[in-house]
Amino acid sequence: TRIREHLRKAVNEAKRNTSWIQPSEAWLEAGDRFVDAILDPETGREFLASLRRQAQWIGRLGMVNSLTQVVLKITTPGVPDFYQGSERWDLSLVDPDNRRAVDYVVRAELTASGEKEPRWVEWLREWRTGEIKLRVTQVLLQFRSAHAALLQRGDYRPLPTTGRFADRVVAFMRANGSERLIVVVPRLTSRLGAPPLGLVWDNTAVVVEAVDCWSDVLIGRRHGPGVELRLEQLFAELPLAVLEASCD
């Protein structure tokens with residue numbers, strides 16, 4: 001039903017053989033039959049087998065991209081914008097599909113569970129539940145609230161990257177007085193695997209000031225001091241890193 005409604009919207013707005021103002025019911029019904037045929041386990045067997053293979057791979061890449069977008073919109077200059085219902089994966093099509101009711105009960109249960117020890121490896125392994133996206137959002141919004149001046153008014157400075165996959169990384173620093181934050185996320189990683197973790201990053205590194213130590217806001221791991229942060233270490237458990245200056 002959802003795919004049928006999506007196709008009806010698409011062909012009506014294409015205005016080739018039907019439109020909202022002058023609908024061709026025969027054409028729309030033919031589209032319904034086409035959708036039914038390719039999604040039927042018998043008549044659509046070959047299509048569905050191909051779709052499943054592609055969807056598994058695209059889904060993993062989408063997971064990495066979605067986590068990256070969450071991190072960037074919370075930590076870059078500006079006001080982060082959130083749509084209700086997108087705290088986990090939002091697999092909606094265009095309207096009317098994206099107007100379905102939000103399941104607030106499951107979101108409330110997850111956020112109220114109060115994990116004493118974050119289970120990032122498990123959440124990443126079970127990424128299809130969407131809990132990892134919710135947890136990243138929750139932790140970083142709490143950090144943003146506790147460091148409002150840093151993230152609302154702090155300077156923004158891109159950081160240089162080196163190594164084999166230097167062009168597959170987004171890295172920058174936010175600074176406000178003594179407060180400093182480094183954000184590192186991947187880009188264009190389809191050839192590195194999904195998620196792109198650990199040794200796949202080879203000698204890729206982010207160049208930083210040698211005077212600081214850094215603590216990962218999400219997983220708690222400490223890094224530095226040193227002149228570079230190696231991605232094989234930053235991305236050992238998660239394909240993203242948000243680091244707070246933490247030298248004692």
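Using +1 on the beta carbon of Lys and Arg, -1 on that of Asp and Glu, and nothing else charged, what's the dipole of the range 125-189 about the Cα centre, debye to 20? Write down the numbers at each step before the final one.
On the way: 12 positive and 5 negative charges, 28 e Å.
Here the size comes out at about 140 debye.
Can you tally the net charge around Gly62? Count Lys and Arg as +1, Asp and Glu as -1, for every other residue whose Cβ sits under 12 Å from the Cβ of Gly62. Numbers along the way, then the final one.
Values: positive: Arg60, Arg128, Lys133; negative: Asp90.
It works out to a net charge of +2.
With loop defined by DSSP as not H, G, I, E or B, and exposure as at most 15 other Cβ atoms within 10 Å, which is the longest segment of the chain clear of exposed chymotrypsin sites (Phe, Trp or Tyr not before Pro)? List each step's numbers first, then the result.
Working: sites that count: Trp20, Phe82, Tyr83.
Counting only loop sites that pass the neighbour cut-off, the longest clear stretch is 84-248.
Defining a contact as two alpha carbons under 8 Å apart and six or more residues distant in sequence, what relative contact order in percent does the chain show? Mind showing how you got there, number by number?
On the way: 337 pairs, mean separation 38.4, N = 248.
Value for the chain: 15 percent.
GNM on the chain, C-alpha springs below 10 Å: top fluctuator among Glu232, Glu126, Glu42?
In the Gaussian network model the winner is Glu42.
Rolling a 1.4 Å sphere over the protein heavy atoms, what is the accessible area per residue of the chain, to the nearest Å²?
Details: 14330 Å² over 248 residues.
For the chain, the solvent-accessible area averages 58 Å² per residue.
So if I take the centroid of the Cα atoms in the range 164-238 and the same for the range 60-101, what is the distance between those two points in Å?
Cα centres, the range 164-238 to the range 60-101: 23 Å.
How many nm separate the modelled label positions at Phe47 and Val227, each set 7 Å beyond the Cα in the direction of the Cβ?
5.8 nm
Over the chain, with a single point scatterer placed on each C-alpha, what log10 of the ratio I(q)/I(0) does the Debye formula yield at q = 0.09 1/Å?
-0.52
I'd like the carbon and sulfur percentage of the solvent accessible area for the chain, probe radius 1.4 Å, heavy atoms only, ligands and nucleic acids excluded. Walk me through the numbers on the way to the answer.
Details: 7520 of 14330 Å².
Carbon with sulfur: 52 percent of the solvent-accessible area.
Could you tell me the convex hull volume per residue, in Å³, taken over the Cα atoms of the range 149-248? Please report the intermediate quantities before stating the final value.
Numbers: hull volume 9.4 nm³, N = 100.
With only Cα atoms used, the range 149-248 gives 94 Å³ per residue.
Summing Lys, Arg as +1 and Asp, Glu as -1, what charge do residues with Cβ under 13 Å from the Cβ of Pro160 carry, Pro160 excluded? Numbers along the way, then the final one.
Values: positive: Arg157; negative: Asp167, Glu209, Glu228.
Counting the neighbours of Pro160, the net charge comes to -2.
Calculated from DSSP H runs of 4 or more alone, at -39500 (n - 2.57) each and per residue, what is the 222 nm mean residue ellipticity of the chain, nearest 500? Display every interim value, and only then the final one.
Values: 8 runs with 100 residues, N = 248.
Calculated mean residue ellipticity at 222 nm is -12500 deg cm²/dmol.
With a 10 Å cut-off between alpha carbons and a GNM built on the chain, which of Arg33, Arg230, Arg107 moves the most?
Of Arg33, Arg230, Arg107, the Gaussian network model singles out Arg33 as fluctuating most.
Using a Gaussian network model on the chain with a 10 Å cutoff between Cα atoms, which of Pro186, Pro160, Pro23 fluctuates the most?
It is Pro23.
The values are calculated or read from the model by the stated rules, or taken from the named source; none is laboratory data. These numbers come from a predicted model, not from an experiment. Glycine gets a Cβ as well: all are built from the backbone with ideal geometry, and neighbour counts include every protein chain shown. Accessible surface is based on the protein model in full, side chains and every heavy atom, while ligands, DNA and RNA are left aside. Shrake-Rupley method; radii C 1.70, N 1.55, O 1.52, S 1.80 Å.
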